[in-house]
1. Quick one: which residue in 197, 179 is farther than 14 Å from residue 278 by Cβ and either more than 12 Å from the ligand (Cβ to nearest atom) or part of a loop (DSSP other than H, G, I, E, B) (or both)?
2. Go through region 260-290 and count every residue that is over 30 Å from residue 395 (Cα atoms) and not in a loop (DSSP other than H, G, I, E, B).
3. Can you confirm whether residue 136 is within 19 Å of the chain's Cα centre (by Cα) and either open to solvent by less than 20 Å² (accessible area, probe 1.4 Å) or on the phi < 0 side of the Ramachandran plot (or both)?
4. Considering every residue within region 154-171, establish whether at least one is free of Cβ contacts under 8 Å to residues at least 40 places away in the same chain, assigned to a helix (DSSP H, G or I) and open to solvent by less than 60 Å² (accessible area, probe 1.4 Å).
5. Quick one: count up the residues across region 235-260 that are surrounded by fewer than 16 Cβ atoms within 10 Å (Cβ to Cβ) and of a type in the set (Gly, Ala, Ser).
6. Given 101, 97, which one is modelled with pLDDT of 95 or more and farther than 18 Å from residue 146 by Cα?
7. Can you work out which of the residues in region 298-322 that are open to solvent by 60 Å² or more (accessible area, probe 1.4 Å) and within 16 Å of the ligand (Cβ to nearest atom) is nearest to residue 272 (Cα to Cα)?
8. Of everything in region 209-248, what is in contact with a Phe, Trp or Tyr (Cβ under 6 Å, 6 or more places away or on another chain), away from the ligand (no atom under 12 Å from the Cβ) and not small (Gly, Ala, Ser)? Give them in sequence order.
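The values are calculated or read from the model by the stated rules, or taken from the named source; none is laboratory data. Everything quoted here is computed from the prediction, not taken from an experiment. Cβ: placed from backbone, ideal geometry, glycine included. Neighbour counts: every protein chain shown. These accessible areas exclude ligands, DNA and RNA; they are computed on the full protein's heavy atoms, side chains included. Shrake-Rupley method; radii C 1.70, N 1.55, O 1.52, S 1.80 Å.
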Amino acid sequence: MLNGKKIVLGVSGGIAAYKAVEIVSRLKKAGAVVQVIMTEAATQFVSALTFREMSGNPVAVAMWSEIKHWNVEHIALAKWADLFLIAPATANIIGKIANGIADDTLSTTVMATKAPVIIAPAMNTEMYVNPIVQENISKLAGLGYRFIEPASGMLACGVEGQGRLPEPSAIVEYICQTFAPFTINASIPCDFSDKKFLITAGGTREPIDPVRYIGNHSSGKMGYALAAAAAARGGRVTLISAPTKLSVPEHVSVKYIETAAEMRQAVLAEYPDADIVIKAAAVADYKPKTVQLQKIKKNDDTLTLVLEKNPDILKELGQLKQNQFLVGFAAETESLIQNATDKLNKKNLDMIIANDVTKPGAGFDYDTNTVKILYRDGLKEEFLQMTKIQLAHVILDKIRVKLKK
Ligand code: PMT
């Protein structure tokens, strides 16, 4: 999976540093070339010699050691990397990167790299949930750094909670997924050539007056990724799109709409012919009861808008369902599983993708998402953070499995 990929592994000073040894071993078995950078603190937990023997390459630790060659080490490794992984990442290294502090080999190299950076935090639960650490993670996620969420369980400090470094196998699987869209394009299975997809994307807009509307933060990235993946796998795809800045993926037929009512009309027209329907759009639940014909003037200190309910398109599709495979999304800020399960049942869906949109790097506008997939038979699957195009392929894989049953 990782043949010839050049991976720099940054190891910072936490007890989980010992797990990084297995990460190196697994990355190498998958075909990657690995170079390790350790912080001084990390060397207190595991020796540099262990990583040198395991990776087959010298290990960079100190900034000021005798120069062996004229490549400035942090620049050379920063340029060399196809991908940069920091595992385990302590609160300290996350804080340094988030605040532009470069005072050792690891922090300077990560600062100088243009490669994608994946960070796997591992620390005590109270440290992990500390608002400063969470703010640093959010800031970095917003800048495009990807995070592998820590697992829950008994921590080395004797406390039960979230903060464990996920198993090395899960981390390496995540790395493989990161490369997958770029390395296996030629071998993407054409496994949906007999299927017609109906996919919705973006956030609907409900006009208030000629210049204003009620909207939401959906960028359309999730729905467009699904459309691109379905078309790449041979499906015939109709995309019903609310306004976005994205360009239409190849071999996808698109219909643009603005309001929930327009989306309903477009979706219902396509529904009878569709085999698989995926509703990734964020549809406004309410719209202004009356749309003002002229721009509203700011005469008063307050303004009251009366809203009325929009039709629930997905619920209607669930009621009309014949042979279609129906997939919904649930964007939640609390009680993720409970709310998603309610939607799965009430809307008569076959599958629902639950995203906790309070998590950094998940939900609206990010290039990545972290989801749980819930099925009609009660099965739940949890996924690490991945790019939306990767997730789109995972969702299609899951649909494929369900359709075969
Ligand atoms: O577009 P991105 O920036 O990439 O962000 C992706 C996303 C966060 C928008 C996407 O992953 C997502 O979660 N989409 C669903 C958001 C949402 O509106 O969820 P909901 O829980 O309100 O709705 C549940 C389901 O019913 C959704 O499939 C929705 O399309 C559908 N629905 C909702 C209301 C309505 N009136 N009609 C509908 O069909």
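1. On the way: 197 fails: farther than 14 Å from residue 278 by Cβ.
Of 197, 179, the one residue that is farther than 14 Å from residue 278 by Cβ and either more than 12 Å from the ligand (Cβ to nearest atom) or part of a loop (DSSP other than H, G, I, E, B) (or both) is 179.
2. First, pick out the residues of region 260-290 that are over 30 Å from residue 395 (Cα atoms): 287-290.
This time we only want the ones that are not in a loop (DSSP other than H, G, I, E, B), so: 287-288.
Selection size over region 260-290: 2.
3. Yes; evaluated as a whole, the condition is true for this residue.
4. Checked region 154-171: no residue is free of Cβ contacts under 8 Å to residues at least 40 places away in the same chain, assigned to a helix (DSSP H, G or I) and open to solvent by less than 60 Å² (accessible area, probe 1.4 Å).
5. Within region 235-260, residues that are surrounded by fewer than 16 Cβ atoms within 10 Å (Cβ to Cβ) and of a type in the set (Gly, Ala, Ser) number 2.
6. Values: 97 fails: farther than 18 Å from residue 146 by Cα.
After ruling out the rest, the residue left standing is 101.
7. 320
8. Within region 209-248, 233, 237 meet the criteria.
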